[in-house]
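This report concerns only the one structure given below.
The values are calculated or read from the model by the stated rules, or taken from the named source; none is laboratory data. Given the structure is predicted, the values throughout are model-derived calculations rather than measurements. Reconstructed Cβ throughout: ideal geometry from the backbone, glycine too, with neighbour counts over all protein chains shown.
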Amino acid sequence: MKQLRLLALAAAALTPMSAAAEEIDMILNWVPTADHAPYFYAVEAGWYEEAGITLNIEAGRGSGAAAQRVGAGISPIGVADMATALVAKSKGADFVAVMAVYANSPQGFYWLKSNGISGPADFAGRKIGNPPADASRVMWPMFAQEVGIAPDSVRFVNVSPQAKLPSLKSGAIDITSDFYNEHDLKVREFGDDLGFVAWRDIGVNPYGNAVIVNAEFMKDNPDTVATFTKVTQRAFKACVENVEPCLDALLASVSGLDRQNQRDQWNRIKELMRDDTTTSVALGAFDDSRMAADYRMVETHFGVEQPFDVKAVYTNALLDLTIKMAKE
């Protein structure tokens, strides 16, 4: 994480610093991959710096951890799965979501058909491998109820993001959760033996990743947050139009990534970013009815320790409404 911060600062240093630039830490949901490329691109291009922001990008350890960190004010800005963030909000995390990155849930489960699993009904008695703070662990009871199995019928095994595929291949785990982003990598690795179910395909489609901001920071720094949001939205638009410069920025800052894999990821990410709201209202915009449904989902499946008005935890007001998500 320290390396990422230094790289982000070094990239920003290549452009003239605006007067009184404000240094801001941004915690990601995971280690950086293609879905984070727009932030690195905007840093390298000097867009944040020109707007008076020096952005420090830090790798994350899961949406749950990122939501808690932003909610507590440890990091003023972050990226987190929205449903997971709502669970954190019900436990006291204080944040406002300013931009939806994934209009569709990226959550999915992967397995090998040769292990005798044909679908979620066969998950009972199996081992699911993922990191402790993985969003799918938080949301597992909801998924289990939807597919008709007991939530306690599986055993979760702690597996790092990098170890998911090797663990599945070796048989150390039977199933792993992962974002749709890396679907192509798994298809190349396992071919026809790969089993997959997308949460959205079984009717579970809460918002995925979103940019969230600590509520107190937003209250004290409204202009900074507004500027950050518009620059970020502009960066995502640029990457949708031409991802190659964005991949250049990502690969220059993060070691160990394969360019073709990241390009494949980005093509999947564009599918997740696209819905009627992001193509007609604005790229990154939330839909009120969907957010209300997401709150009901959290209330039904996880309980709400501290009830809250869901309309208070997201806003479209900071988005540039002239920027739309491409329809194709």
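Residues that are in contact (Cβ under 8 Å) with a residue 40 or more places away in the chain and over 27 Å from Asp294 (Cα atoms): does segment 65-72 have at least one?
no
Give just the number: which of (1) crowded, with 20+ Cβ neighbours inside 10 Å; (2) in a loop (DSSP other than H, G, I, E, B); (3) touching a residue at least 40 places away in the same chain (Cβ under 8 Å) does Trp111 not satisfy?
(2)
Report yes if some residue within segment 129-152 is modelled with pLDDT of 95 or more and in a strand (DSSP E or B); otherwise report no.
Scanning segment 129-152, I find at least one residue that is modelled with pLDDT of 95 or more and in a strand (DSSP E or B), so the answer is yes.
Which one of these is in a helix (DSSP H, G or I) and either on the phi < 0 side of the Ramachandran plot or not assigned by TED's automatic domain parsing to the domain that holds Pro32 (or both): Leu283, Leu247?
It is Leu247.
Can you tell me how many residues within segment 193-227 are assigned to a loop (DSSP other than H, G, I, E, B), over 16 Å from the mean Cα position of the chain (by Cα) and not aliphatic (A, V, I, L, M)?
2
In this structure, does Asp94 turn out to be within 18 Å of Ile212 (Cβ to Cβ), within 19 Å of the chain's Cα centre (by Cα) and assigned by TED's automatic domain parsing to the domain that holds Thr229?
When the stated conditions are applied, Asp94 passes them.
Check Asp201, Asp220 and return the single one that is within 24 Å of Lys327 (Cβ to Cβ), surrounded by fewer than 17 Cβ atoms within 10 Å (Cβ to Cβ) and free of Cβ contacts under 8 Å to residues at least 12 places away in the same chain.
Asp201
Looking at Asp294, Asp309 in this structure, which one is closer than 26 Å to Ala93 by Cα, without any contact (Cβ under 8 Å) to a residue 40 or more places away in the chain and assigned by TED's automatic domain parsing to the domain that holds Glu244?
Asp309
So, Asp81, is that one among the acidic types (Asp, Glu), at pLDDT below 95 and closer than 24 Å to Cys239 by Cβ or not? Please lay out each step first, then the result.
Values: among the acidic types (Asp, Glu): yes; at pLDDT below 95: yes; closer than 24 Å to Cys239 by Cβ: yes.
When the stated conditions are applied, Asp81 passes them.
Quick one: is Leu272 out of contact with any Ser or Thr (no Cβ under 7 Å at 6 or more places or on another chain), aliphatic (A, V, I, L, M) and not assigned by TED's automatic domain parsing to the domain that holds Pro38?
no
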